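Before any comments, here is the structure.
The values are calculated or read from the model by the stated rules, or taken from the named source; none is laboratory data. A quick note: this is a predicted structure, and the numbers were derived from the prediction, not measured. When we count neighbours, we look across all protein chains shown, and the Cβ atoms used for this are built from the backbone with ideal geometry, even at glycine.
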Amino acid sequence: MKVGVVGASGYSGEVLVKLLLSHPHVELAAVTSRTHAGKALAAIMPALRGRDAGLRFVDSDPAALAASNIDLFFLALPHGTAATYAKALVAAGKRVIDLSADFRIADLATYQKYYGEHHAPELLPAARFVLPELTPPAWKTEAKLIAAPGCYPTSVLVPLVPLLRAGLVSRQHIVVNSFSGVSGAGKKAEEAYLYCERAESAKAYGLVKHRHLAEIEEQLALRTGAATIIQFNPHLAPMRRGIATTITVPAAAGATIDALYAAWREAYAATPFVQLLVAGETPDTAHVVGTNRIDIAAVHDARTGNFILTSAEDNLMKGASGQAVQIMNLWSGFPETAGLI
């Protein structure tokens, strides 16, 4: 199957390119970049020397891509830009997996509140938000446009959704603290992301109204059947890759740590990329970077009556490109782990 990556020179695009060049069931047929059009892929990504398949960057022209013989496109583009490409590609019958936020939020008013104008609102009803471990499988035959989840939302939804569904935790007073590597901000030259500014430094940002909050709360409601409000506190950590999330949530009356783990085992028994750690052990970003795995664990604090849930993932793999390839595999009938293990 021929695939293409639009916006291949960013962090997520680069990881996608590396995964797809090694994938046993696809041919990477196009990599686009307005900045690098005409240049050899290996010249911009020297790590790919000798296995770049002779690819060169082409210009990011929606009409030309829509007219190509490529079956499926990944959009590794900024929010707001991806919608323009999705419109042209979907109209041409291409399958599209979008890594931006343009189709993650079903409610147009909510999208506009957090992101501003939407450039293809007519596609929202056709888009499907797919977190493979939690989305019912009907999307595999229904969808033409997939919204891949955000990195922070994945780290929150995977541990929390099964517990809300099982009634083991409260919907009130949920506090989420997440720490992200600097690559989560994208590849851009800004003073705040210089090495000297970020090394030996950690800080909260985006408090009260981080953009991913809209996605998290909408998905919690859709996946668990009731509105759920959380306190989301993202932090920028002095590391290149990875997300560590800690969720403090009141335990429901009579809920035990054994019941919590039973709910997780039931939800994730057949999933290859969710790893349950024993109670009391906490996930470490160092152990998941470079993998498509998310590690989760929990403890019960008898003093406060809270469960403390923890997760760790690679923000560029399970939080972005790896998850997008996982979605492609399921959508195309390939083994779910193809190209990812």
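Which residue pairs have Cβ atoms closer than 9 Å, lie 6 or more positions apart in sequence or on different chains, and pair a first residue in the stretch 192-204 that is closer than 22 Å to TYR152 by Cα and of a type in the set (A, V, I, L, M) with a second residue that is assigned to a loop (DSSP other than H, G, I, E, B) and at pLDDT 90 or above?
ALA199/PRO238; ALA202/ALA237; ALA202/PRO238
Quick check on the stretch 208-218. Is at least one of its residues outside any strand (DSSP E or B), modelled with pLDDT of 95 or more and either surrounded by fewer than 17 Cβ atoms within 10 Å (Cβ to Cβ) or β-branched (Val, Ile, Thr) (or both)?
For the stretch 208-218, residues outside any strand (DSSP E or B), modelled with pLDDT of 95 or more and either surrounded by fewer than 17 Cβ atoms within 10 Å (Cβ to Cβ) or β-branched (Val, Ile, Thr) (or both): present.
All but one of (1) modelled with pLDDT under 95; (2) buried (at least 18 other Cβ atoms within 10 Å of the Cβ); (3) not charged (D, E, K, R) hold for ILE243; state the number of the condition that does not hold.
Of (1) modelled with pLDDT under 95; (2) buried (at least 18 other Cβ atoms within 10 Å of the Cβ); (3) not charged (D, E, K, R), only one is false for ILE243: (1).
For the structure I just gave you, tell me whether SER60 is at pLDDT 95 or above, among the polar types (S, T, N, Q), buried (at least 18 other Cβ atoms within 10 Å of the Cβ) and farther than 21 Å from SER22 by Cα.
No.
Would you point out which residue out of ALA109, ALA192, ALA120 is under 21 Å from THR84 (Cα atoms) and touching a helix residue (DSSP H, G or I) at 6+ places or on another chain (Cβ under 9 Å)?
That would be ALA120, the only listed residue that is under 21 Å from THR84 (Cα atoms) and touching a helix residue (DSSP H, G or I) at 6+ places or on another chain (Cβ under 9 Å).
Residues in the stretch 253-281 that are over 21 Å from ASP314 (Cβ atoms) and out of contact with any helix residue (DSSP H, G or I) (no Cβ under 8 Å at 6 or more places or on another chain): how many?
Selection size over the stretch 253-281: 14.
Return the total of residues in the stretch 1-32 being surrounded by fewer than 23 Cβ atoms within 10 Å (Cβ to Cβ), touching a Gly at 6+ places or on another chain (Cβ under 8 Å), of a type outside the set (A, V, I, L, M, F, W, C) and not in a helix (DSSP H, G or I).
So the answer is 5.
Identify the residue in the stretch 308-341 that is of a type in the set (Asp, Glu) and closer than 17 Å to LEU134 by Cα and, among all such residues, is nearest to the chain's Cα centre (by Cα).
Ranking the qualifying residues of the stretch 308-341, first place goes to GLU313.
With respect to ALA40, is the statement that it is more than 25 Å from ALA120 (Cβ to Cβ), surrounded by fewer than 21 Cβ atoms within 10 Å (Cβ to Cβ), at pLDDT 95 or above and not aromatic (Phe, Trp, Tyr) true?
For ALA40, the condition - more than 25 Å from ALA120 (Cβ to Cβ), surrounded by fewer than 21 Cβ atoms within 10 Å (Cβ to Cβ), at pLDDT 95 or above and not aromatic (Phe, Trp, Tyr) - is met.
Look at LEU309 and say whether it is touching a residue at least 40 places away in the same chain (Cβ under 8 Å) and assigned by TED's automatic domain parsing to the domain that holds VAL156.
Against the criterion (touching a residue at least 40 places away in the same chain (Cβ under 8 Å) and assigned by TED's automatic domain parsing to the domain that holds VAL156), LEU309 qualifies.
Hey, does the stretch 176-187 have a residue that's surrounded by fewer than 24 Cβ atoms within 10 Å (Cβ to Cβ), farther than 30 Å from ALA262 by Cβ and assigned by TED's automatic domain parsing to the domain that holds SER12?
No.
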